[in-house]
Amino acid sequence: MTTDRLNELTAAGVAVWLDDLSRVRLSSGGLDQLRREKHVVGVTTNPTIFAKALSDADEYDWQLRDLATRGVEVEEAVRMLTTYDVRWACDVMRPSYDASAGVDGRVSIEVDPRVAHDAEKTAAEAKALWWLVDRPNLFIKIPATEAGLPAITATLAEGISVNVTLIFSLERYAKVMEAFLAGLEQAKANGHDLSRIGSVASFFVSRVDAEVDKRLEKIGSGEARALRGKAAVANARLAYERYGEVFSSDRWQALADAGAHPQRPLWASTSTKNPDYRDVIYVEELIAPGTVNTMPEPVIHAFGDHGETSGGDTITGAYDEARKVFRDLETVGVDMADVIGVLEREGVEKFEASWLELLDGVRKSLEAAGAGKSHPSDAAKPNAEAAQQAGGNA
């Protein structure tokens, strides 16, 4: 018998999400196939994913031509293109949303990363995106910057579901959970149904190892090299420990009694950057109930082929080991506070760069469409519109 490893991962309490989206994936039925055959119950996107999707697919051409004809500005055009895809993806994932009573089946879209340090603009854009996509299984992604924290609370208070992204440190994660609890308390006071509000906290994994390993190589000692590939998993495991503490508190229980769902930890950046590491290390080493692992499609297939879940929970019994990793890193001279600062700054900068790349690509496409350049057939348009109409009553 063939082992369904992804089903075993799901049974262990890990929700399998896809870290990718494109119109080709939607129009071909590829996303729905992953939902039906690979246990995928959610989708995450970011500016880098959209920049790539719009740069190498002609299925956007009919919409670009319509936008050019209307004289739409480039930033509005980007939102029309990306929210179209996310709305369609929400409809594809709706069965997972319904089957899980609103816990899974979620699709994320990110606020403009250029406003990550402006709480008021971030909250305003979150509301605009929520209205524009108009699907109950949407997540608005908000970076966990200092300015993002009050925006997270304000957005949740409006009854809007949030994916908090770019979390690297335990200290920032504690503030994210505080922002979540405060947001739900305000949402309850505002009369919102807490059972309809969802949230995940996206803790980035492989980027931590990439930065720490670089420093360990520079230190060069045998003790330092022995710590390569250990920081990211240790960091995530200690985050799960914090999660367990917060979501067993009396404060949380009062919200749970009102119908709230916990803010699940989501492991992001789970493809290995070092080819010497096992390609599913950031899945196998982070298995625990109530977690989400969002993976690029190659990682999903890799785990389906040779991922191991036989050990069950690989997090909760390893807290002391994780703390030792951090003590050892400090001993050999790795400044983790500096590591986290670099990662957060670079994370926002990388998404800003991708956003600018996305804007530039759409600007050029609009100019080409407006100049009367010949375009491929509009064959994709009826299919896309049909999919939208099918989910119109979602």
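Any residue at all in region 44-63 that is under 30 Å from GLU308 (Cβ atoms), open to solvent by less than 10 Å² (accessible area, probe 1.4 Å) and in contact (Cβ under 8 Å) with a residue 40 or more places away in the chain?
The answer is yes, given that some residue of region 44-63 is under 30 Å from GLU308 (Cβ atoms), open to solvent by less than 10 Å² (accessible area, probe 1.4 Å) and in contact (Cβ under 8 Å) with a residue 40 or more places away in the chain.
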Subject >> Residues satisfying the stated conditions in region 347-364, i.e. crowded, with 17+ Cβ neighbours inside 10 Å and acidic (Asp, Glu) >> reply: GLU357
Original post:
Counting just the residues of region 365-394 that are hydroxyl-bearing (Ser, Thr, Tyr) and at pLDDT below 50, which one comes out surrounded by the most Cβ atoms within 10 Å (Cβ to Cβ)?
Top reply: SER377
Original post:
Can you name the residue in region 167-190 that is closer than 25 Å to SER269 by Cβ and basic (Lys, Arg) and, of all such residues, is most open to solvent (accessible area, probe 1.4 Å)?
Top reply: LYS175
Original post:
Exactly one of (1) open to solvent by less than 30 Å² (accessible area, probe 1.4 Å); (2) modelled with pLDDT of 95 or more; (3) under 17 Å from the mean Cα position of the chain (by Cα) is unmet by ASP20. Its number?
Top reply: (1)
**OP:** Say whether the condition of being on the phi < 0 side of the Ramachandran plot, of a type in the set (S, T, N, Q) and open to solvent by less than 10 Å² (accessible area, probe 1.4 Å) is met by at least one residue in region 294-307.
**Re:** yes
Original post:
Where in region 222-276 are there helices (runs of 4 or more DSSP H), lying wholly inside it, with at least 2 residues that are within 23 Å of the chain's Cα centre (by Cα)?
Top reply: 231-246
Original post:
Do we have ALA101 as free of Cβ contacts under 8 Å to residues at least 40 places away in the same chain, under 23 Å from GLU185 (Cα atoms) and either surrounded by fewer than 17 Cβ atoms within 10 Å (Cβ to Cβ) or over 17 Å from the mean Cα position of the chain (by Cα) (or both) here?
Top reply: no
Original post:
How many residues, within region 125-145, are without any contact (Cβ under 8 Å) to a residue 24 or more places away in the chain and of a type in the set (Asp, Glu)?
Top reply: 1
**OP:** For PHE326, indicate whether it is touching a helix residue (DSSP H, G or I) at 6+ places or on another chain (Cβ under 7 Å), open to solvent by less than 20 Å² (accessible area, probe 1.4 Å) and under 25 Å from TYR173 (Cα atoms).
**Re:** no
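Of SER27, SER108, which residue is of a type in the set (S, T, N, Q) and open to solvent by 30 Å² or more (accessible area, probe 1.4 Å)?
Numbers: SER108 fails: open to solvent by 30 Å² or more (accessible area, probe 1.4 Å).
After ruling out the rest, the residue left standing is SER27.
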Original post:
Hey, among ALA337, ALA268, which residue is open to solvent by less than 20 Å² (accessible area, probe 1.4 Å) and among the small types (Gly, Ala, Ser)?
Top reply: ALA268
Subject >> Residue count, region 182-221 (criterion: part of a helix (DSSP H, G or I) and more than 16 Å from ALA337 (Cα to Cα)) >> reply: 15
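The values are calculated or read from the model by the stated rules, or taken from the named source; none is laboratory data. Remember, it's a predicted structure, so these values are computed and weren't measured experimentally. No Cβ is skipped: glycine too gets one built from the backbone with ideal geometry, and neighbour counts run over all protein chains shown. Quick note on the areas: whole protein, heavy atoms, side chains included, nothing else; ligands and nucleic acids left out. Shrake-Rupley method; radii C 1.70, N 1.55, O 1.52, S 1.80 Å.
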